[in-house]
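Take a look at the structure below.
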Amino acid sequence: MPANQHISPVRNDGSLGPHEDLERAPDGVPHDVVGLSALFSVLFAAVVLGMWLSGPTGRIAAVAICLVGVPMLVSSLRQRSDRERDPEHPSR
């Protein structure tokens, strides 16, 4: 074995520190919630842009949807995140 080769204890649980856990999500947020928030954000922006470009009535509707839709999207994804968060492997 070469002298400069570094071997990492990837699955040796005895070598892990007291606050290290290989099974948890690093940020504590379920990864599907991160993906869904990205997807819904892009789709929501596309809908709002289409409404904004449709004319003056569409602009009013786009502002109204932003005032209602953004808090609804954030609260529903927060609830899903709380529901699906792993209690056995919490974030730091």
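For SER75 and LEU36, compute 0.36 nm times the residue count separating them, minus their Cα-Cα distance, and round to one decimal in nm. Before the final figure, lay out the partial values.
Values: separation 39, 0.36 × 39 = 14.04 nm, distance 1.30 nm.
Here the segment from SER75 to LEU36 would lengthen by 12.7 nm.
Rounded, prolate or oblate for segment 29-83? Axes are the square roots of the Cα gyration tensor eigenvalues, ordered a ≥ b ≥ c, and the cut-off for rounded is a/c under 1.5.
Judged from the Cα gyration tensor, segment 29-83 comes out oblate (a/c at least 1.5, b/c at or above a/b).
So between SER54 and ARG85, what do we pick up on full extension, going 0.36 nm a residue minus the alpha carbon distance?
Net length gain for the segment: 7.1 nm.
We did not get these values from a lab; they are worked out from the coordinates using the rules stated. Note that the structure is predicted; figures quoted are calculated from it, not measured.
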